[in-house]
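Before any comments, here is the structure.
The values are calculated or read from the model by the stated rules, or taken from the named source; none is laboratory data. The shown structure was predicted, so the numbers you read here are calculated from the model rather than taken from an experiment. Using ideal geometry, Cβ is built from the backbone for each residue, glycine included, and neighbour counts are taken over all protein chains shown. Note: areas computed on protein heavy atoms with side chains; ligands, DNA, RNA excluded. Shrake-Rupley method; radii C 1.70, N 1.55, O 1.52, S 1.80 Å.
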Amino acid sequence: MVVEYNGLLNWVDFFADPMANSYYPFEGIYNLPFDISYKLWEIIGGTIAWLINLIFPGNCVSTWLMSEPVCVLFSLIVFMLIIFIVVFVCTLISLWMERKVLGRMMDRRGTMIGMKGFLQCVADGLKTFMKENTIPKKVDNMTYMWTVSLVIGVSVLLACMIPLSGRWFVVNYDSGLLIIMAFFALAPFFILVSGWSQNNKYAMIGGMRAAELMISYEVPMLIMIATTALMAGSFNIGDIVNAQFEGVWYIIPQAIGFITFLFCATAESERVPFDIAEAEAELVEGWQTEYAGMKWGLIMLADYFRGYVACAMVAIMYLGGWALPFIGDGPVPEIVFLLKAWFVFFLMILIRAALGRVRPDQIVNIGWKVFMPLSVLNLAVVLLLKTGGFF
């Protein structure tokens, strides 16, 4: 007796339309990474279902694997993996760019290991992974581990939440900027608790400095975020980008806000000259002193994740996001957005190369006596423009 099996093409759909699925999770809005994920699962899952059906003809597992809700479930898993890989690669490019630019500014070539020095990032990851994972005896074990995990986790979550275009997003949330800022503000709290948990005076001082730094720049940042939302009439990131395409980039009417927010974003991501929470020249490694091996490597990577988020926020609020003048989204808006974010990161690198680290008392004075008045002045300018009917 010869058994006839269904062919592979009966299970695999190479051109599947995710929006035709009744369980499509994005309410009729096209999502490019989910589309890619859905097609990948149709191919991978369909092949698995075909093989199972080949061995056990007429089984229910194959049908279950390719049912609509299961396809969406596995597609979402692949979707988040794709989002993370893209963000991770973008962050590594930022790290590579900083090393090369700083090298040139110091009259040297910078990292040279493979692919114009890019593989140095991979080598550093392998190096930290292979180092011994030591934990001091007198630390508060639960707080010591949980705080660093939360710092890393929140940084990755923030980076993945940043939309690269109107078709590349995780969630289309109406209060996008506020949610990102709320998660951003959590890191200094975790750093403060982490510094306390290590039972080390240098780590404790670093944690206290992180809290001091947060007090100095969080309020001006919130005022400038509210100013941009007022100008666009929405906290939704897509609405803010579209408003700049229909009018002018907000860097023109908010030039003061752009400069102020750039420095506040630099402080938010704990970069020189505002890295007083680490300050390796005076605090060993600050709040990171007692973290070793891969934990320390992931902390450093999380710093660059937050730096990427800070640059993305500047690009969204002042540089038109993924839109180009007279063109709009264009054929590859994701590349446009990343180029703008990397341009902002280049400015941060220039700030790092040009300025020395500020003292804790100086950052407080700058925050309250410079950033705060400038943010209020920026708000006043926008109010005048709104009431005058220019926006």
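With the contact rule set at Cα under 8 Å and sequence spacing of 6 or more, what percent relative contact order holds for the range 1-102?
This gives 30 percent for the range 1-102.
Along its principal axes, what span do the Cα atoms of the chain show, with the longest given first and each in whole Å?
Extents along the principal axes, in whole Å: 87, 64, 41.
Mind checking the full-extension length gain between Trp64 and Glu132? Use 0.36 nm per residue of separation minus the Cα-Cα distance, one decimal, nm.
Separation in residues times 0.36 nm, less the Cα-Cα distance, equals 20.0 nm.
Based on a Kirkwood Rh over C-alpha pairs, give the Stokes-Einstein translational diffusion coefficient of the range 180-324 at 20 °C and viscosity 1.002 mPa s in µm²/s.
The Stokes-Einstein estimate is 133 µm²/s.
Starting from the Cα gyration tensor of the range 98-227, take the square roots of the eigenvalues, sort them a ≥ b ≥ c, and report rounded, prolate or oblate (rounded when a/c is under 1.5, otherwise prolate if a/b is larger than b/c, else oblate).
oblate
Which sequence of Arg209, Arg167 reflects their accessible areas, 1.4 Å probe, from the largest down?
Values: Arg209 35, Arg167 75 Å².
From most exposed to least exposed: Arg167, Arg209.
For Glu246 and Met115, what does the FRET efficiency come to when R0 = 45 Å and r is the distance between their Cβ atoms, rounded to the nearest 0.05?
With R0 = 45 Å, the Cβ-Cβ based efficiency is 0.65.
Sort Met208, Met19, Met66, Met181 by heavy-atom solvent-accessible area, probe 1.4 angstrom, most to least.
I get Met208, Met19, Met66, Met181, largest accessible area first.
Using a 10 angstrom cutoff on alpha carbons, build the Gaussian network for the chain and name the most mobile of Ser375, Ser75, Ser165.
Ser75
How many times 2.2 N^0.38 Å is the alpha carbon radius of gyration of the range 240-367?
Working it through for the range 240-367, the quotient is 1.22.
Evaluate E = 1/(1 + (r/R0)^6) for Arg359 and Glu285, where r is the Cβ-Cβ distance and R0 equals 22 Å; express this FRET efficiency to the nearest 0.05.
0.75
Rounded to two decimals, what is Rg over Rh for the range 45-132 when you use alpha-carbon atoms and the Kirkwood radius? Mind dumping the intermediate values first?
Values: Rg = 22.1 Å, Rh = 16.8 Å.
Rg divided by Rh gives 1.32.
Using only the heavy atoms of the protein chains and a 1.4 Å probe, how would Ile256, Ile44 rank by accessible area, largest first?
Per-residue accessible area, sorted high to low, gives Ile44, Ile256.
If you plug each phi of the range 274-282 into the Karplus form 6.51 cos²θ - 1.76 cosθ + 1.60 with θ = phi - 60°, what whole-Hz ³J(HN,Hα) values come out, in order, with x for Gly and Pro?
Using θ = phi - 60°, the values come out as 10, 8, 5, 6, 9, 6, 4, 6, 10 Hz.
Treat every Asp and Glu Cβ in the chain as -1 and every Lys and Arg Cβ as +1, leave all other atoms uncharged, and give the resulting dipole magnitude about the Cα centre to the nearest 20 debye. Walk me through the numbers before you get to the answer.
On the way: 23 positive and 29 negative charges, 258 e Å.
The calculation lands at about 1240 debye.
Would you mind getting the accessible area per residue of the chain, heavy atoms of the protein chains only, 1.4 Å probe, in Å²?
Roughly 47 Å² per residue, with all protein chains present.
Please compute, for the alpha-carbon atoms of the range 1-75, the extent along each of the three principal axes and give them in descending order in Å.
Sorted from largest, the Cα extents of the range 1-75 read 50, 19, 15 Å.
Can you give me the Cα centroid spacing of the range 287-325 and the range 115-139 in angstrom?
Each part's Cα centre sits 18 Å from the other's.
Please tell me the relative contact order of the chain in percent, rounded to the nearest whole number, where contacts are Cα pairs under 8 Å and at least six residues apart.
Normalised by residue count, the contact order of the chain is 18 percent.
Can you work out the Karplus-derived ³J(HN,Hα) for every residue in the range 19-28? Use 6.51 cos²θ - 1.76 cosθ + 1.60 with θ = phi - 60°, whole Hz, and x for glycine or proline.
6, 7, 6, 5, 9, 3, x, 10, 6, x
How many angstrom lie between the C-alpha centres of the range 246-285 and the range 17-42?
Taking the Cα centre of each part, the range 246-285 and the range 17-42 sit 37 Å apart.
Give me the percent of the accessible area of the range 183-259 that comes from carbon and sulfur atoms, probe 1.4 Å, all protein chains in place.
73
What does the C-alpha gyration tensor say about the overall shape of the range 278-347? Classify as rounded when a/c is under 1.5, otherwise prolate if a/b is larger than b/c, or oblate.
On the way: a/c = 4.83, a/b = 2.88, b/c = 1.68.
Because a/c hits 1.5 or more and a/b exceeds b/c, the range 278-347 counts as prolate.
Between Met348, Met317, Met106, find the one with the highest GNM mean-square fluctuation for the chain; connect C-alpha pairs within less than 10 Å.
Largest GNM mean-square fluctuation: Met106.
Among the helices of the chain (complete DSSP H runs), which have Cα atoms covering no less than 20 Å along the helix axis and a Kyte-Doolittle mean of at least 1.0?
Numbers: long enough: 32-55 (35 Å, 1.06); 68-105 (55 Å, 1.88); 141-161 (30 Å, 1.60); 201-232 (46 Å, 1.04); 293-318 (38 Å, 1.05); 333-354 (32 Å, 1.87); 372-387 (23 Å, 1.79).
Length and hydropathy pass: 32-55, 68-105, 141-161, 201-232, 293-318, 333-354, 372-387.
If each residue of separation counts as 0.36 nm, what is the full-extension length gain between Met145 and Phe343 once their alpha-carbon separation is subtracted?
67.8 nm
Per-residue accessible area for Lys127 at 1.4 Å probe radius, Å² rounded to 10?
The accessible area of Lys127 comes to roughly 110 Å².
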